[in-house]
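See below for the structure under consideration.
No value in this document is a laboratory result; all are computed from the given coordinates. Because the structure is predicted, anything quoted here is derived from the model rather than measured. A quick note on method: Cβ atoms are made from the backbone with ideal geometry, for glycine too, and the neighbour counts reach across all protein chains shown.
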Amino acid sequence: MIADIARQGMRAARALALAAGFGVGWAAGAAAQTLTMPVPTATVYPGDFIDPGIIGERTFRQSQVAHGFVDSRSMLAGKIARRTLLPNHPIPLNAIDEVDLVTRGTPVQLVFRQAGLVITAYASPLEDGSEGDVIRVRNADSGAVVMGVVQVDGTVRVGAP
């Protein structure tokens with residue numbers, strides 16, 4: 001009996017809200033809470049370059065996606081997939097990565113520059129790295145392990161900046 005009275009009270013409150021125009025405002029607010037996000041139109045596998053030609057757009061309700069997803073095509077420029085990206089699904093930020101310019105075990109050129117002096121040598125990277133990453137490399141001549149910064153041209157800068 002008390003439950004019936006409570007249900008009738010809820011129905012009356014909904015009817016009053018609709019009559020007062022709250023339902024119209026809610027519908028307009030729901031339409032405004034959508035996001036258009038880039039999505040792959042085909043499956044992208046780990047290690048694959050994200051080709052701009054297979055990126056489309058899809059609209060999601062804001063409640064469907066939380067923070068931590070790619071929200072513009074520009075965020076995908078020059079990136080590779082760290083894990084499988086499914087068609088028409090939003091792309092998590094942690095599922096994309098920079099392209100490695102230096103690969104572990106592949107010889108690279110070390111460059112030391114200071115006050116007009118330039119010294120170059122060859123080394124073997126001990127880890128992968130993209131532009132700006134600090135990595136460990138083993139000097140091919142001395143065997144010494146040094147730290148260096150990966151440059152845009154694929155060399156590793158050592159010493160003072």
Which part of region 127-147 falls in the paramagnetic zone of GLU98, meaning amide N under 20 Å from the point 7 Å along Cα-to-beta-carbon?
-> 127-138, 146-147
Dmax and Rg, reported as Rg then Dmax, of region 58-157 (C-alpha, Å) | 18.6, 59
Between TYR122 and ARG73, the FRET efficiency computed from the C-beta separation at R0 = 35 Å comes out, to the nearest 0.05, as 0.35
Volume per residue of the C-alpha convex hull in region 103-161, rounded to whole Å³ = 73
Give the shape of region 73-125 as rounded, prolate or oblate, defined through the alpha-carbon gyration tensor: a ≥ b ≥ c are the square roots of its eigenvalues, a/c under 1.5 means rounded, and otherwise the shape is prolate if a/b is larger than b/c and oblate if not.
-> prolate
Summed side-chain charge close to PRO38 - residues other than PRO38 whose Cβ falls under 9 Å, Lys, Arg +1, Asp, Glu -1 = 0
May I ask you to derive the relative contact order of region 111-161, considering only C-alpha pairs under 8 Å and at least 6 residues apart, and to give it as an integer percent?
-> 33
For ARG83 and ALA140, what is the calculated FRET efficiency with R₀ set at 30 Å and r taken between the beta-carbons, to the nearest 0.05?
-> 0.30
